[in-house]
Amino acid sequence: MRSRLSSLHKKPMTTAYKLFINGEYVEAASGRTFEDINPATGAVVAHVSEADADDVDRAVNAAEAAMRGPWAKLPQADRLAALRRVADEIEKRFDAFVDAEIADTGKPRSLACSVDIPRGAANFRIFADLARGFSTECFETDTDDGAGALNYGVRVPHGVVGVICPWNLPLLLLTWKVAPALAMGNAVVVKPSEETPGTATLLGEAMNAAGIPPGVFNVVHGFGENAAGDFLVRHPRVRALTFTGETRTGQAIMRASAARVKHLSFELGGKNPAIVFADADFEKAVAGTARSTFSNCGQVCLCSERVYVARSIFERFVERLGQEARKLVAGDPYDSKTTIGPLISKTHREKVLSYYELARQEGATVIAGGGVPEMDSPFDTGCFVEPTVWTGLPETARSVREEIFGPVCHVTPFDDEDEVIAMANDTDYGLCAAVWTSDLSRAHRVAKRIEAGIVWVNGWFLRDLRTPFGGVKLSGIGREGGRHSLEFYSEIKNICIKL
Ligand code: NAD
Ligand code: 6OD
């Protein structure tokens, strides 16, 4: 990997991020704040108000009042028009959103501009469109008197939905949940990751400008356990929770929400396989696997951490993947030549580096990377690691079994289809897989047998927002996307009219 000296990077300017409750930016009642750090440099981006239980209660009260008041009374067409205006307002503030996302994550500007922020706007438009066309079932029922009855479903909002988000794609994942929740008439209280409070805070401004009534969208900043996240999960008037993050956090949320039997949607961790057959377009498979391993510095839940390659092309593939890893350029997010950012935090870097060490102890051959790149100031205090490719580990090695969430994969050779499917499925996770082949029948056969919620053939992270998204096993519960989101963010009520 090459690293680049900064000439372009924006001078850090420390700001203050407040809570957003009932349409206003407010301090936490306790006055407590925590620091938001730029992982590319270690500079303090913002002092962030930290919500305590009273602040979460304030936010839930505001959401409930909005739900019962102006938001509930708005005709659906007006509600959905307001969501489209939110998309417009995000686009009007495009650069501010991009800068906030970069300050919090250090990701390359090219990525924030092409993925994170456009998807933030697109999520509002797609769910406004889909909610308009969403319908329910209706049955004509026979009765003894011959007059019959009519049974039909109506969709009603849950009320207040708690939205708990991770740090890897902050605006994208937050709006992926907020947009359908609002489209179905709920009000939300959002708890962004403590690592990335910026774009969630800015979204309050876009909501106000779009005319979303006060209280419909609220943001409480803070941490997870025994803190804002936990207070939101346990709040008795939060009826549904949507969470994206680590599996063990999902397990804690599930335990905490059992007392009130809350509706849950979980998008959790993964240890996703990529499978490359000998008949695949070789260069496309190399480029696709480099992308699925190293995008966002490997911090996408969909990233491939286990790569299985047909033995006949194994050596050549490993060599090419290693070359692609070494080509990545770390450094100034504002430099168009930068292609990989830092990890999100020092703590996460320690975790990833501990796997770099563990893999060596487990006997890995390091094809590329495996360490920390030399960086120039101010990035020498950032959380960068080298993009890494390993081979030679058994399938039982911890580095091959546990989610690392960094720019790293292990490549294993295989001899036949049954063997590779067994290896791909030998995991507690099941979020997604990528299969590379030019044989259409094989593509379908393999995709069907892989235990995962999503399988891409000859591609990766190709998104159509109408499709179901989610995982099996420890990768999650339920599906979001398209009508699946609209179903999760509402209750169906059957009305039976005796005619
Ligand atoms: P995390 O689980 O540590 O934190 C996610 C959020 O949960 C944060 O806002 C955090 O403050 C909050 N939280 C933590 N403990 C809590 C508790 N006890 N109660 C309530 N809230 C709590 O995850 P992360 O480190 O932010 O994100 C990385 C993880 O997310 C990886 O495991 C990755 O695979 C997963 N992820 C999955 C998907 C998916 O779609 N399946 C998408 C993105 C990330
Ligand atoms: O694209 C999406 O809608 C989505 N939920 C992506 C998740 C990426 C995980 O890091």
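Only one entry in 246, 225, 283 is of a type in the set (Asp, Glu) and under 16 Å from the mean Cα position of the chain (by Cα), namely 246. Scanning segment 17-34 for residues that are more than 26 Å from the chain's Cα centre (by Cα) and among the β-branched types (Val, Ile, Thr) gives a single hit, 26. Scanning segment 349-372 for residues that are touching a residue at least 24 places away in the same chain (Cβ under 8 Å), farther than 20 Å from residue 329 by Cα and in a helix (DSSP H, G or I) turns up 351, 355, 358, 359, 362. Yes or no: residue 486 in the same structural domain as residue 310 (by TED's automatic domain parsing), open to solvent by less than 30 Å² (accessible area, probe 1.4 Å) and under 21 Å from residue 175 (Cα atoms)? No, not satisfied. The lone criterion from (1) at pLDDT 95 or above; (2) open to solvent by 10 Å² or more (accessible area, probe 1.4 Å) left unmet by residue 136 is number (1).
Checking residue 107 against (1) under 30 Å from residue 379 (Cβ atoms); (2) assigned to a helix (DSSP H, G or I), only one condition comes out false. Which one? Residue 107 satisfies every listed condition except (2). Among the residues of segment 475-496, at least one is within 18 Å of the chain's Cα centre (by Cα) and under 17 Å from residue 274 (Cβ atoms).
Scanning segment 197-214 for residues that are in contact with a strand residue (DSSP E or B) (Cβ under 6 Å, 6 or more places away or on another chain) and of a type outside the set (S, T, N, Q) gives 197, 200, 204, 207. Within segment 373-406, the residues that satisfy the criterion of being of a type in the set (Val, Ile, Thr) and in a loop (DSSP other than H, G, I, E, B) are 385, 396, 404.
The rows are residues; the columns are (1) within 16 Å of ligand 2 (Cβ to nearest atom); (2) free of Cβ contacts under 8 Å to residues at least 40 places away in the same chain; (3) hydrophobic (A, V, I, L, M, F, W, C); (4) touching a strand residue (DSSP E or B) at 6+ places or on another chain (Cβ under 6 Å).
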{"residue": "270", "(1), (2), (3), (4)": "yes, no, no, no"}
{"residue": "283", "(1), (2), (3), (4)": "no, yes, no, no"}
{"residue": "287", "(1), (2), (3), (4)": "no, yes, yes, no"}
{"residue": "299", "(1), (2), (3), (4)": "yes, no, no, no"}
{"residue": "309", "(1), (2), (3), (4)": "no, no, yes, yes"}
{"residue": "312", "(1), (2), (3), (4)": "no, yes, no, no"}
{"residue": "316", "(1), (2), (3), (4)": "no, yes, no, no"}
{"residue": "321", "(1), (2), (3), (4)": "no, no, yes, yes"}
{"residue": "332", "(1), (2), (3), (4)": "no, no, no, no"}
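Being touching a helix residue (DSSP H, G or I) at 6+ places or on another chain (Cβ under 7 Å), closer than 27 Å to residue 385 by Cα and either modelled with pLDDT of 95 or more or surrounded by fewer than 22 Cβ atoms within 10 Å (Cβ to Cβ) (or both) is the requirement here; does residue 199 meet it? The answer is yes for residue 199. Checked against (1) of a type outside the set (Lys, Arg); (2) touching a Ser or Thr at 6+ places or on another chain (Cβ under 8 Å); (3) open to solvent by 20 Å² or more (accessible area, probe 1.4 Å); (4) closer than 15 Å to residue 300 by Cβ, residue 456 passes all but a single condition, namely (2). Looking across 411, 420, one residue alone is of a type in the set (A, V, I, L, M), in a strand (DSSP E or B) and either closer than 20 Å to residue 297 by Cβ or touching a Pro at 6+ places or on another chain (Cβ under 9 Å) (or both). It is 411.
Residue 110: without any contact (Cβ under 8 Å) to a residue 60 or more places away in the chain and among the hydroxyl-bearing types (Ser, Thr, Tyr), yes or no? So residue 110 fails the test.
Listed here are the residues, each with its yes/no results for (1) open to solvent by 10 Å² or more (accessible area, probe 1.4 Å); (2) aromatic (Phe, Trp, Tyr); (3) away from ligand 2 (no atom under 13 Å from the Cβ); (4) in contact with a His (Cβ under 7 Å, 6 or more places away or on another chain).
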| position | (1), (2), (3), (4) |
| --- | --- |
| 388 | no, no, yes, no |
| 404 | no, no, yes, no |
| 412 | yes, no, yes, no |
| 433 | no, no, yes, no |
| 438 | yes, no, yes, no |
| 446 | no, no, yes, no |
| 465 | yes, no, no, no |
| 481 | no, no, no, no |
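Note on segment 424-482: residues that are in a helix (DSSP H, G or I), in contact (Cβ under 8 Å) with a residue 12 or more places away in the chain and among the small types (Gly, Ala, Ser) amount to 5.
Look at (1) hydrophobic (A, V, I, L, M, F, W, C); (2) away from ligand 2 (no atom under 16 Å from the Cβ); (3) out of contact with any helix residue (DSSP H, G or I) (no Cβ under 6 Å at 6 or more places or on another chain) and you find that residue 454 fails only one, number (2). Within segment 114-130, is there a residue that is hydrophobic (A, V, I, L, M, F, W, C), within 16 Å of ligand 1 (Cβ to nearest atom) and more than 20 Å from residue 78 (Cβ to Cβ)? Checked segment 114-130: at least one residue is hydrophobic (A, V, I, L, M, F, W, C), within 16 Å of ligand 1 (Cβ to nearest atom) and more than 20 Å from residue 78 (Cβ to Cβ).
Which is within 16 Å of ligand 2 (Cβ to nearest atom) and not assigned by TED's automatic domain parsing to the domain that holds residue 325, of 245, 215?
Details: 215 fails: within 16 Å of ligand 2 (Cβ to nearest atom).
When all the criteria are applied, what remains is 245.
Considered as a group, the residues in segment 249-277 that are of a type in the set (A, V, I, L, M), more than 10 Å from ligand 1 (Cβ to nearest atom) and surrounded by 17 or more Cβ atoms within 10 Å (Cβ to Cβ) include one that is nearest to residue 229 (Cα to Cα), and that residue is 264. Filtered by the rule that a residue be open to solvent by 60 Å² or more (accessible area, probe 1.4 Å) and not in a helix (DSSP H, G or I), segment 51-76 gives a lone residue, 75.
The values are calculated or read from the model by the stated rules, or taken from the named source; none is laboratory data. Because the structure is predicted, anything quoted here is derived from the model rather than measured. We place every Cβ from the backbone using ideal geometry, glycine too, and count neighbours over all the protein chains shown. Note: areas computed on protein heavy atoms with side chains; ligands, DNA, RNA excluded. Shrake-Rupley method; radii C 1.70, N 1.55, O 1.52, S 1.80 Å.
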